[in-house]
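J.: Can you keep this structure in mind? I'll have questions shortly.
The values are calculated or read from the model by the stated rules, or taken from the named source; none is laboratory data. This one's a predicted model, so the numbers in the text were calculated from it and none came from an experiment. Here the Cβ is made from the backbone with ideal geometry for all residues, glycine too, and neighbour counts use every protein chain on show.
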Amino acid sequence: NAGVTQTPKFRVLKTGQSMTLLCAQDMNHEYMYWYRQDPGMGLRLIHYSVGEGTTAKGEVPDGYNVSRLKKQNFLLGLESAAPSQTSVYFCASSYSGPAYEQYFGPGTRLTVT
Amino acid sequence: DQQVKQNSPSLSVQEGRISILNCDYTNSMFDYFLWYKKYPAEGPTFLISISSIKDKNEDGRFTVFLNKSAKHLSLHIVPSQPGDSAVYFCAASAGDMRFGAGTRLTVKP
């Protein structure tokens with residue numbers, strides 16, 4: 001039982017490049033989330049999904065897109081990376097809605113130069 | 001706007017003593033509060049939670065207190081152990097989740 005896994009763990013991008021972060025969970029959770037964590041700030045919700053085929057915007061969605069084609073996977077895409085997107089990205093999942101306990105992946109450290 | 005605030009970026013305590021981590025919030029609609037613990041290079045893990053209908057919840061060495069009138073909650077760890085050294089995030093929910101910036105706790109042997 002791996003829980004929540006994230007790929008890749010580290011990535012360096014040049015401004016304007018694109019990439020996709022992959023999140024997978026094996027707990028059969030309906031809800032999945034993408035957060036970013038920046039120094040001096042808490043985790044901020046980018047996008048979330050309440051089930052396969054659904055997505056919704058969180059607190060800081062600009063510059064990101066997401067897809068949930070399979071229940072166990074949640075993809076986060078950056079179409080044209082900017083230095084402001086340098087951050088640590090965490091994926092999470094939960095059985096119940098966003099208000100309750102979430103299970104987090106180990107994070108992806110992204111640097112945009 | 002930061003609706004959940006942890007005003008102490010760091011806290012250092014001696015092993016065996018009490019650790020008290022504080023959290024303030026501004027949104028009176030928050031009805032569920034959680035604490036997460038994070039070790040370096042790992043994701044946050046859930047520690048303890050409390051509903052707004054309660055003012056205290058205990059789980060072993062960890063107790064969370066909620067003061068709704070002051071919009072304040074705190075996490076008490078008694079006794080503190082070196083393995084408790086981590087970053088602690090407070091989170092609050094009124095449908096979606098808002099996190100504080102975290103407090104780094106160091107427990108010295």
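J.: Please work out which residue is nearest to the other protein chains (Cβ to nearest Cβ), limiting yourself to the stretch A:78-91 and to residues that are exposed (fewer than 15 other Cβ atoms within 10 Å of the Cβ) and at pLDDT 95 or above. Break it down stepwise before answering.
T.: Here is the first cut: in the stretch A:78-91, the residues exposed (fewer than 15 other Cβ atoms within 10 Å of the Cβ) are A:79-80, A:82-84.
If we keep only those that are at pLDDT 95 or above too, we end up with A:80, A:82-84.
On the way: A:SER80: 27, A:ALA82: 23, A:PRO83: 21, A:SER84: 18 Å.
Looking at residues that are exposed (fewer than 15 other Cβ atoms within 10 Å of the Cβ) and at pLDDT 95 or above, I get A:SER84.
J.: Still on this structure: Scan the stretch A:37-54 for residues that are facing chain B (nearest Cβ under 7 Å) and either within 17 Å of A:ALA99 (Cβ to Cβ) or surrounded by fewer than 14 Cβ atoms within 10 Å (Cβ to Cβ) (or both) and report the count. Lay out the reasoning, then the answer.
T.: Taking the stretch A:37-54 as the starting set, the residues that turn out to be facing chain B (nearest Cβ under 7 Å) are A:40-43, A:45.
Filter once more, keeping what is either within 17 Å of A:ALA99 (Cβ to Cβ) or surrounded by fewer than 14 Cβ atoms within 10 Å (Cβ to Cβ) (or both): A:40, A:42-43, A:45.
Adding up the residues that qualify gives 4.
J.: From the list B:SER74, B:SER93, B:SER49, which residue is surrounded by 15 or more Cβ atoms within 10 Å (Cβ to Cβ), within 26 Å of A:PRO39 (Cα to Cα), touching a residue at least 60 places away in the same chain (Cβ under 8 Å) and among the small types (Gly, Ala, Ser)? Can you show your working first?
T.: Details: B:SER74 fails: touching a residue at least 60 places away in the same chain (Cβ under 8 Å); B:SER49 fails: touching a residue at least 60 places away in the same chain (Cβ under 8 Å).
Answer to the check: B:SER93.
J.: Go through the stretch A:65-84 and give me each residue that's over 8 Å from the mean Cα position of the chain (by Cα) and in contact (Cβ under 8 Å) with a residue 40 or more places away in the chain.
T.: Hits for the stretch A:65-84 are A:LYS71, A:GLN72, A:ASN73, A:GLY77, A:LEU78, A:GLU79, A:SER80, A:ALA81, A:ALA82, A:PRO83.
J.: I'd like to verify a number: residues in the stretch B:75-106 that are assigned to a strand (DSSP E or B) and more than 14 Å from B:LYS37 (Cα to Cα), how many? Walk me through it before giving the result.
T.: First, pick out the residues of the stretch B:75-106 that are assigned to a strand (DSSP E or B): B:75-77, B:86-93, B:97-99, B:103-106.
Then keep just the ones that are more than 14 Å from B:LYS37 (Cα to Cα); that gives B:92-93, B:97-98.
Of the residues in that region, 4 qualify.
J.: In addition: Is the stretch B:68-78 home to any residue that is more than 24 Å from A:PHE90 (Cα to Cα), within 13 Å of another protein chain (Cβ to nearest Cβ) and modelled with pLDDT of 95 or more? Steps first, answer last, please.
T.: Taking the stretch B:68-78 and keeping what is more than 24 Å from A:PHE90 (Cα to Cα), we get B:68-74, B:76-78.
The next check asks that each one be within 13 Å of another protein chain (Cβ to nearest Cβ); those that pass are none.
For the stretch B:68-78, residues more than 24 Å from A:PHE90 (Cα to Cα), within 13 Å of another protein chain (Cβ to nearest Cβ) and modelled with pLDDT of 95 or more: absent.
J.: May I pose another question? Taking the stated definitions as given, is A:VAL66 in contact with a His (Cβ under 6 Å, 6 or more places away or on another chain), within 19 Å of A:GLN6 (Cα to Cα) and either surrounded by 17 or more Cβ atoms within 10 Å (Cβ to Cβ) or within 14 Å of chain B (Cβ to nearest Cβ) (or both)? Spell out how you get there, then give the answer.
T.: Working: in contact with a His (Cβ under 6 Å, 6 or more places away or on another chain): yes; within 19 Å of A:GLN6 (Cα to Cα): yes; either surrounded by 17 or more Cβ atoms within 10 Å (Cβ to Cβ) or within 14 Å of chain B (Cβ to nearest Cβ) (or both): yes.
For A:VAL66, the condition - in contact with a His (Cβ under 6 Å, 6 or more places away or on another chain), within 19 Å of A:GLN6 (Cα to Cα) and either surrounded by 17 or more Cβ atoms within 10 Å (Cβ to Cβ) or within 14 Å of chain B (Cβ to nearest Cβ) (or both) - is met.
J.: Here's another thing I want to ask about it. Of the numbered conditions (1) at the interface with another protein chain (Cβ under 8 Å from one of its Cβ atoms); (2) at negative phi; (3) not charged (D, E, K, R), B:ALA41 satisfies every one except a single condition; which is it?
T.: (2)
J.: Scan the stretch A:92-113 for residues that are in a strand (DSSP E or B) and within 7 Å of chain B (Cβ to nearest Cβ) and jot them down.
T.: A:PHE104 - this is the single residue of the stretch A:92-113 that is in a strand (DSSP E or B) and within 7 Å of chain B (Cβ to nearest Cβ).
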